[in-house]
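Engineer: If you scroll down you'll find the structure; I have some questions about it.
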Amino acid sequence: MTFHAHNPMTDKLLIGDSPQIKSVLALLEKYALSDVEVLIQGETGCGKGVCARLIHQLSSRKHHPFITVNCGAIPSGLIASELFGHKRGAFTGALFNHAGFIKRAERGTLFLDEVSDMPPDLQVSLLHFLDQKKILALGSDKETDVDSRIIAASHIDLLQQVESGKFREDLYYRLNILPLNVPPLRERDGDILQLANYFLAQIHTSQAHQFSSQAETKLLSYHWPGNVRELKNVLTRAIVLCEKNIINQEDLGLPEQCNKVPACSLSKLSVENAIEDSHHNMSAAARKLGISRTTLYRLMKKYQINPC
Ligand SMILES: Nc1ncnc2c1ncn2[C@@H]1O[C@H](COP(=O)(O)OP(=O)(O)OP(=O)(O)O)[C@@H](O)[C@H]1O
Ligand SMILES: [Mg+2]
């Protein structure tokens, strides 16, 4: 199975023709053939959820459930029972047997979003599940086998969380067998306008809309800290505000001055990727990141990145 630029499945889910997104697709293709855990990292709104779903849909598990659990959204006291399930009578109020998310994803995929938010005791239980593929529901004395594949995602650098003692090192290495780093939108050559036009066509209105050339320039020069989600929201608003079906720069409502990314918000990964994509040409890497060469060198020193 090979991905082409016009694979109907990827065209529908993951828009973008940049070399960066093509590398992501090439990895997804390989990961979909495997049953091993995947760890997806990238800035907020860059498409981690889309990638997780795509891996599932391209895998042999596609006819079974894809279940998303946002680890940060479940109250910490409930996560164990939500993930592993409970037996009737396990605790006050447990009136029925309850299948947890892991069990409900049987033969399918469980997507653990914002995995860095998982409380420490649950990290231990998850590690046990990954090693044994067995779960112990609350109130049960017998483990049961479960065949569900785990894909985890984090918008926070998980290795940094390990270094600061907030995430278990053993679990990190267990999850990070197949890593997938989704690049920020500002680093994907050519994807901004393709995505923008895709969203314009998707947001149903009675008439077709177009961008003025200033609006296009603005879309290309803005640093998109909220990535694809921010682009989609900006366009949804612009369509409402614009007149005569032409979207002008003002309709985008993007800040006047701050076109460039604040250097402090650039992750180590973004800097490394930009250097690699620019074949270690520092001026080109700085341009790609929207920062000066001096700032790039400062960031490289901070992150201890070797220039060659
Ligand atoms: N390449 C893409 N093609 C089409 N739509 C995309 C793409 N990337 C992201 N989107 C859309 O942008 C929005 C945000 O994507 P998604 O939820 O996957 O981001 P995320 O990285 O999981 O964000 P968060 O860190 O906040 O969970 C969604 O509406 C998604 O459908
Ligand atoms: Mg997400």
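The values are calculated or read from the model by the stated rules, or taken from the named source; none is laboratory data. The model shown is predicted, which means the values in this text are computed figures rather than measured ones. All Cβ positions, even for glycine, are placed from backbone atoms using ideal geometry, and neighbour counts span all protein chains on display. For the accessible areas, the whole protein counts, side chains as well, though only heavy atoms, and no ligand, DNA or RNA atoms are used. Shrake-Rupley method; radii C 1.70, N 1.55, O 1.52, S 1.80 Å.
Engineer: Residue by residue through the stretch 198-213, note down the ones that are exposed (fewer than 13 other Cβ atoms within 10 Å of the Cβ) and touching a residue at least 12 places away in the same chain (Cβ under 8 Å).
Structural biologist: Just the residues of the stretch 198-213 that are exposed (fewer than 13 other Cβ atoms within 10 Å of the Cβ), to begin with: 201-202, 204-208, 213.
Once the filter is applied, which keeps residues that are exposed (fewer than 13 other Cβ atoms within 10 Å of the Cβ) and touching a residue at least 12 places away in the same chain (Cβ under 8 Å), the stretch 198-213 yields T205, Q207, A208.
Engineer: Right, something else. Being of a type in the set (D, E) and either near ligand 1 (Cβ under 8 Å from one of its atoms) or surrounded by 24 or more Cβ atoms within 10 Å (Cβ to Cβ) (or both) is the filter here; which residues of the stretch 35-55 pass it? Before the answer, list the steps.
Structural biologist: We begin by selecting, within the stretch 35-55, every residue of a type in the set (D, E); these are 35, 37, 43.
E43, the sole residue that qualifies.
Engineer: Can you confirm whether the stretch 185-197 contains a residue that is surrounded by fewer than 17 Cβ atoms within 10 Å (Cβ to Cβ), closer than 30 Å to D121 by Cα and touching a residue at least 40 places away in the same chain (Cβ under 8 Å)? Full working, then the answer.
Structural biologist: Taking the stretch 185-197 and keeping what is surrounded by fewer than 17 Cβ atoms within 10 Å (Cβ to Cβ), we get 189-190, 193-194, 197.
Remaining after also requiring closer than 30 Å to D121 by Cα: none.
No: the stretch 185-197 contains no residue that is surrounded by fewer than 17 Cβ atoms within 10 Å (Cβ to Cβ), closer than 30 Å to D121 by Cα and touching a residue at least 40 places away in the same chain (Cβ under 8 Å).
Engineer: Also: Restricting to the stretch 43-65, name every residue that is within 16 Å of ligand 2 (Cβ to nearest atom) and part of a loop (DSSP other than H, G, I, E, B).
Structural biologist: The answer is E43, T44, G45, C46, G47.
Engineer: Inside the stretch 73-132, counting only helices (runs of 4 or more DSSP H) that do not spill past its ends, which hold 1 or more residues that are without any contact (Cβ under 8 Å) to a residue 12 or more places away in the chain?
Structural biologist: Numbers: elements: 76-84, 101-104, 120-132.
Once the helices (runs of 4 or more DSSP H) in the stretch 73-132 are filtered for at least 1 residues that are without any contact (Cβ under 8 Å) to a residue 12 or more places away in the chain, what remains is 76-84, 120-132.
Engineer: Please identify the pairs in which a residue from the stretch 289-302 that is within 11 Å of L266 (Cα to Cα) has its Cβ atom under 6 Å from the Cβ atom of a residue that is open to solvent by 60 Å² or more (accessible area, probe 1.4 Å) and not hydroxyl-bearing (S, T, Y), counting only partners at least 6 apart or on another chain.
Structural biologist: G290/K260
Engineer: For the list (1) in the same structural domain as L122 (by TED's automatic domain parsing); (2) within 19 Å of the chain's Cα centre (by Cα); (3) assigned to a helix (DSSP H, G or I), I need the number of the one condition that I192 fails.
Structural biologist: (1) is the only condition that I192 fails.
Engineer: Please name all residue pairs, on different chains or six or more residues apart, with Cβ atoms under 6 Å, provided the first residue is in the stretch 37-65 and is of a type in the set (A, V, I, L, M) and modelled with pLDDT of 95 or more and the second residue is open to solvent by less than 10 Å² (accessible area, probe 1.4 Å) and away from ligand 2 (no atom under 14 Å from the Cβ).
Structural biologist: From the stretch 37-65, the pairs are L39/L175; L54/L28; I55/L28; I55/A32; L58/A32.
Engineer: Can you name the residue in the stretch 21-42 that is more than 11 Å from ligand 2 (Cβ to nearest atom) and assigned to a loop (DSSP other than H, G, I, E, B) and is also farthest from G100 (Cα to Cα) among such residues? Quick ask: steps written out before the conclusion?
Structural biologist: Here is the first cut: in the stretch 21-42, the residues more than 11 Å from ligand 2 (Cβ to nearest atom) are 21-39, 41.
Still in the running and assigned to a loop (DSSP other than H, G, I, E, B): 33-37.
Details: L33: 26, S34: 24, D35: 21, V36: 21, E37: 19 Å.
Looking at the filtered set, the residue picked out is L33.
Engineer: Also: Only one of (1) more than 13 Å from ligand 2 (Cβ to nearest atom); (2) open to solvent by 10 Å² or more (accessible area, probe 1.4 Å) is not met by T68, so which one is it?
Structural biologist: Going through (1) more than 13 Å from ligand 2 (Cβ to nearest atom); (2) open to solvent by 10 Å² or more (accessible area, probe 1.4 Å) one by one, T68 breaks only (1).
Engineer: Could you run through the stretch 56-82 and say how many residues are in contact with a Lys or Arg (Cβ under 9 Å, 6 or more places away or on another chain) and closer than 12 Å to L112 by Cα? Don't jump to the end; show me each part of the working.
Structural biologist: Quick first cut of the stretch 56-82, residues in contact with a Lys or Arg (Cβ under 9 Å, 6 or more places away or on another chain) only: 56, 59, 61, 63-68.
With closer than 12 Å to L112 by Cα added as a condition, the list becomes 66-68.
Counting residues in the stretch 56-82 that are in contact with a Lys or Arg (Cβ under 9 Å, 6 or more places away or on another chain) and closer than 12 Å to L112 by Cα gives 3.
Engineer: For L235, which of the numbered conditions (1) within 16 Å of ligand 1 (Cβ to nearest atom); (2) modelled with pLDDT under 90; (3) surrounded by 18 or more Cβ atoms within 10 Å (Cβ to Cβ) fails to hold?
Structural biologist: (2)
Engineer: Identify, by number, the condition in (1) within 26 Å of E29 (Cα to Cα); (2) within 20 Å of the chain's Cα centre (by Cα); (3) part of a loop (DSSP other than H, G, I, E, B) that D147 doesn't meet.
Structural biologist: It is condition (2) that D147 fails.
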